[in-house]
1. In percent, what relative contact order does the chain have, based on Cα pairs under 8 Å that are 6 or more apart in sequence?
2. Placing unit charges on C-beta atoms (Lys and Arg positive, Asp and Glu negative, everything else neutral), compute the dipole magnitude of the chain about its Cα centre in debye, rounded to 20.
3. Go ahead and run the numbers for FRET between Ala491 and Lys340, Cβ-Cβ distance against an R0 of 41 Å, rounding to 0.05.
4. Below 15 angstrom from the Cβ of Glu660, what's the summed charge of the other residues (Lys, Arg +1; Asp, Glu -1)?
5. For segment 593-674, which chymotrypsin sites (Phe, Trp or Tyr not before Pro) are in a loop by DSSP, counting at most 10 other Cβ atoms within 10 Å?
6. Relative to the Cα centre, what is the charge dipole magnitude of segment 505-665, using +1 at the beta carbon of each Lys and Arg, -1 at the beta carbon of each Asp and Glu, and rounding to the nearest 20 debye?
7. 7 Å from Cα along Cα→Cβ at both Lys441 and Leu126: what's the point-to-point distance in nm?
8. Taking the number of other C-beta atoms within 10 Å as the exposure measure, put Lys419, Lys602 in order starting with the fewest.
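None of the figures in this text is laboratory data; all of them are computed from the coordinates on show. Being a predicted model, the structure only gives us computed values, none of them experimental. So basically every Cβ, Gly included, is an ideal-geometry build from the backbone, and we count neighbours across all protein chains shown.
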Amino acid sequence: MRMTLLFLAGCGFTMLLAGSQFAEAPKKKEKGKFDPPAIFEPTPEVLLQIKNKTAVLAAQVAALRKDPKRHELLPDVEIFLRGAENIVRFKEFYNKASAQWTLDTLDRGIERADQLAKGQTPWTRLATPNVVRGYRSMIDGTAQPYGVTYPLSFDRGADRKKMFRVDIVLHGRNSTLTEVAFLNTHNGKKKPPADQDWIQIDIFGRGNNAYRWAGETDVFEAMDAFFDGEAKFAGGHKADRNRVVLRGFSMGGAGAWHLGLHHPDVWCVMGPGAGFTTTHDYAWKGKKDLPDYQEKCLRIYDAINYVENARMIPIVAYSGGDDPQKLAADNIEKRLKELKIDAMTHLVKPGVGHKFEPDYFQKANALWSQHALKGRPSYPAQVSFVTYSAIYSKCDWIQILALEKHYEKATVEASWNGKKHVIKTANVRNLYVDLPGKGTKMAAIDIDDQLINAATTTMIRKLPQGDEESQFVDLVRDKGIWKAEKNRVIAEGHIEKNSTLSGPIDDAFTSGFVCVLGSGDTFHPAMQKYVDAKLAGFKHDWAKHWRGELPTIGDYAVTPNEIMDKNLILFGDPQSNLTLAQIMPKLPLKWTKDEIEFAGKKYKASEHVPVMIFPNPLNPGKYVVLNTGHTWPSADYAKTNALLYPRLGDYAILRMADNEVATAGLFDEFWKVK
């Protein structure tokens, strides 16, 4: 029972519900390891019921959108509508019970919408031990679901000092995963095991993406939504943010390796099961020759490169003795032994394949519980952090703002003795040091054997529980000399890769973005044909594989709000897209009807298209991207999700006829090309 509840997606959902109706036997399954199975087509009568109930719920949602008082909890309703719409849209009736689940989903959504309209929100106050919630994604504005299972012993009114550990659980790859299937597993009817003493957050993760890109953002958005909701709506905050356990199996194990070692200050312990930690070993069973810019981009996600961060987070991993994915933990364990880092317990059940057996779950959970009892220190005396990209920049009171060279190893070793910070760095150009306590005006920092008495900067963060004030020191290295900056002002026109703008192209789709469509005619018909196909493919992939809705506007409709808040994804050329024409003089290329000039070379504009990511000249705090969505082929979604790595780096010139690369690469730290 425990394994069904906690890891039921590790090897795929198996859910039964009586009363479902379908018209015909399943169609023959397509070939391909990760292709979805054949569908159970609902009868026309059932489809009509689904259509009618969807219309009712859609009308309720439209009415609730007109009432600002209901907006904050509206995603808790919209998740049901999106689930029903998507399962019909993509014909994802993969289970005999899928049609009935869809009807049940709509009934639950209609009930919630009616309650919300009346100002009643019982699902926020633990009406049942198991509940599904939603949040509004900052990426595309869609409502995304997550599940919450409280222990049977949970009582908001009793023992207000008691705080509960929180487990973030990542599901495995599941070709039948849909919103409706996920919502059905959190229908309020299932009780947790009697011995569960933690709050469990089941992550939807926008589908099957190994918790990369928007899938990674989903984990943190769901987690933040849960903690914020506990503070604002639940009548008492009993979930302990210092005792968060990260765990998952199979693809969820890959996600736990990645998220645990990239964000070691978020969790009190990580519990990966199986998964993968290196792209080469998992995707190709050995070394594969890749272009230099692709090889460097593998260092963004490959967990093996971040193994030294285990100094900051204990690991309790599980593997089946006969599971090929045991290699994930073996690789990490070997590297830790070489580095003499004693931070990992590897539980291996002999003779077992790709399964997390209940008895070994009990063993792992006992160890997770021990680490959770300790929790995370609020301000540890020692910080040790490794990164290869400013995308992953923070560990406790250290944040790396800029590297000297991206995709090369950057390290920070730091200590605090109550009076002075001592810091050693490598390949770091700019970092923040957060200070303990409040009201600190000066700080003594010894960084790379250089003593600095630095004035602090105050930062105030708006949180649901109230404003939080903190002080930090901004340290910048120039020509080998560290200096402390206070309220630093960036010179106009100065751009550099940093923790919010580092590339590659695919990074633009991990935060808020909007596709800006050209309203005019392109220089050449071939260009318009290319843009139309690229946009259509991106729209389909975003909806099907990232479970979102592609945000689009016309170039004439771009407002200061979009420029301020969004990455702008520009489709077209300088003749067809007004926004692109506006910023063209400040982009590192020239583009006329006859030719494209980039990095000292010229290409025929009738045959080529530039794609790239670059700081937006209208707002250098956000990106612009030219003429592309994600850079891997759509076919790769049906293969191992280890293949969801950047194919084009920061820029490329492509031949439109065959989408072949004429040139591609990475900008340097100041967004220049050699």
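1. Details: 1460 pairs, mean separation 68.0, N = 674.
For the chain, the relative contact order is 10 percent.
2. 920
3. On the way: r = 45 Å, r/R0 = 1.09.
Plugging the Cβ-Cβ distance into 1/(1 + (r/R0)^6) gives 0.35.
4. Numbers: positive: Lys534, Lys604, Arg647, Arg655; negative: Glu607, Asp658.
Result for the local shell: +2.
5. Details: sites: Phe598, Tyr603, Tyr623, Tyr637, Tyr651, Phe667, Phe670, Trp671; in loops: Phe667, Phe670, Trp671.
Those satisfying the criteria are Phe670.
6. Values: 16 positive and 18 negative charges, 27 e Å.
Result for segment 505-665 is approximately 140 debye, rounded to the nearest 20.
7. Output for this residue pair reads 4.6 nm.
8. Working: Lys419 7, Lys602 12.
In increasing order of surrounding Cβ atoms, one gets Lys419, Lys602.
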